[in-house]
Each structure stands twice: as structure tokens, then as C-alpha cells.
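These notes are about the structure you will find just below.
The values are calculated or read from the model by the stated rules, or taken from the named source; none is laboratory data. What you see is a predicted model, and the numbers here were worked out from it, not measured in a lab. Here the Cβ positions follow ideal geometry from the backbone for every residue, glycine too, while neighbour counts run over all protein chains shown.
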Amino acid sequence: MLKALFNNFGFLSILPVGMADSLEDVAKHMYMFPIVGAALGLIAGLILTFLQTGLPTSVAAVLGFFTLLILTGFHHLDGLLDMGDALIYRGTPARRREILHDTATGVGGFGAGLFITLAGVFVTIEFIGLGGSAVLLFTASETAAKLAMVLCAALGKPAFEGTGSVFTAMLKKTWWQAPISTVITAGILLLLAGPSGLVLLAVPAATALFFVYLSKRLLGGVSGDVFGAVNEVTRLLVMLVMLWMF
């Protein structure tokens, strides 16, 4: 069990704690994704809190948010960039799938990445400026973001053979992973924010459903890039809801 958790850390972050022999090994324990998200959010939140002791709030917020992105190795952000390019193209699903594999970043990807990143930074500045906890903000949002990835894999059909298809196939065989992952996320949110934190569960559920529908219509199904995009969008939406609730 511990090895499986370390494999998930190795897959989702730059932390040198483990690396699975295959994607199937990670997919078998995808329900642990929210635990990894909680740990990454906690680390970034603690770093931001420390930076606040010697830096202006806005500067600490920028550095803290980018610490979170660095911990993920920018993998999810890369998926968002690819997704942005594919979605802005007006053409067939087949051509959009080709764009997903293009190594160059176009205006769609640049715009999506810039907007999501800047919005995340500004929300972080506002939240901690109002006296909110960076640990709470980052831990809750990253936990929920990872649940959205699990739900996306459980509900979606693969657009093509690749990273996404490995996870969707495994989640179809091990259907119990999605509800267990939801329970884990609920427990973490309950621990962080009490009963009101459970409201946040609606965000990853809604985001996953939206991306599954959008991807099926425009790409023919989900992919690894879609998982990355849903992570980035869910994180921002959860942060916005938390700012609204604060």
C-alpha cells in the first residue's frame, strides 16, 4: 500500500519518493490521487506561510502558487495548454486530436494557461490578504482537483490509445476507485474546513462531468491532456468558491 502511494507521488509530482514500473501500476491505485493532492497543497501552503513572515503578501502568494505548480512538475499545466490549442481549433475531432500531440503551443493554449495561472495567483493574493490560510486554500483545492481527475477517468471514454486510455480502462474494471476516492476527499475536506468543506465536493463532480461531455463532443473522448486540464480548472474553481465562502 505504501509503495502504491509513493508510486502515485512519483507520477503526480517531482518528489523523488518512488516511480511505478508502468502506468497500470499507478492506475490500479488512482483512488489515492487526492491524498497526493493534499500533501502537495500542504507543502506549498506551508512554504507560502513561511514566506509571509518576511515578504509582502502579494509576493509570497505568487511564489507560493508557483511552488505548487513546480511540485506538480507543470504536468497538468502542460495538459491545459494542449487542451486549449485543441479546443480553439474549429475542425474535426481527428484534427483536434492531432493538435493535442503538437509540441508547439499556440494562442489557445497560451491564453488558457495565462488566464488560469494569473487567476489562481490573484485568488491566492485575495484569500490570504483577507486573513485566510494558505494551507487551507492549497490543500483543499489540490485535493479536489485530484478527485476531478479520478472522476474524469471513471466517467469518460478514451479518445485514443495513450495515457488516458490506461486510466479509463482501469477505472472501468475497478469501478470502486471513484467512490473511495470521493470518500477520501470528503474526509480531507471535513478535516480541513468542517461540514462546510463538503460543499466543495460539488466542484470536482461538476467539472469532471463538463470535461467528459466537452471532450467527447470535440475530441471523441478523454486523454491525459484532458486530465491535466481538469486538474487546473478544478483547482481554480475550488479556490474561487472558497474565496466566495470566506
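Worth a mention:
- Considering residues of region 79-94 that are touching a helix residue (DSSP H, G or I) at 6+ places or on another chain (Cβ under 9 Å) and of a type in the set (D, E, K, R) only, the residue farthest from residue 162 (Cα to Cα): 85
- Within region 6-38, the residues that satisfy the criterion of being modelled with pLDDT of 85 or more and of a type in the set (A, V, I, L, M) are 12, 14, 26, 27, 30, 32, 35, 36, 38.
- Test for residue 104: is it modelled with pLDDT of 95 or more and of a type outside the set (D, E, K, R): no
- Residue match in region 193-202 (condition: closer than 21 Å to residue 80 by Cβ and touching a residue at least 12 places away in the same chain (Cβ under 8 Å)): yes
- When restricted to residues that are part of a loop (DSSP other than H, G, I, E, B) and free of Cβ contacts under 8 Å to residues at least 24 places away in the same chain, region 86-121 contains 9.
- Candidate set from region 93-124 (those that are hydrophobic (A, V, I, L, M, F, W, C) and in contact with a Phe, Trp or Tyr (Cβ under 8 Å, 6 or more places away or on another chain)); member that is surrounded by the most Cβ atoms within 10 Å (Cβ to Cβ): 99
- Region 122-221 holds helices (runs of 4 or more DSSP H) entirely within its bounds, and those carrying 2 or more residues that are more than 17 Å from residue 76 (Cα to Cα) and hydroxyl-bearing (Ser, Thr, Tyr) map to 177-193.
- Test: residue in region 221-236 that is of a type in the set (Gly, Ala, Ser) and out of contact with any Leu (no Cβ under 8 Å at 6 or more places or on another chain): yes
- Matching residues, region 203-232, being polar (S, T, N, Q) and over 13 Å from the mean Cα position of the chain (by Cα): 215, 223
- In region 226-243, the count of residues that are hydroxyl-bearing (Ser, Thr, Tyr), under 20 Å from residue 128 (Cα atoms) and part of a helix (DSSP H, G or I) is one or more.
- Enumeration of residues in region 179-189 that are in contact (Cβ under 8 Å) with a residue 12 or more places away in the chain and either of a type in the set (Val, Ile, Thr) or buried (at least 20 other Cβ atoms within 10 Å of the Cβ) (or both): 180, 181, 182, 184, 185, 188, 189
- Residue 216 fulfils the conditions (1) touching a residue at least 40 places away in the same chain (Cβ under 8 Å); (2) touching a helix residue (DSSP H, G or I) at 6+ places or on another chain (Cβ under 8 Å) except for a single criterion, (2).
- Only one of 105, 92 that is closer than 18 Å to residue 222 by Cα and of a type in the set (S, T, N, Q): 92
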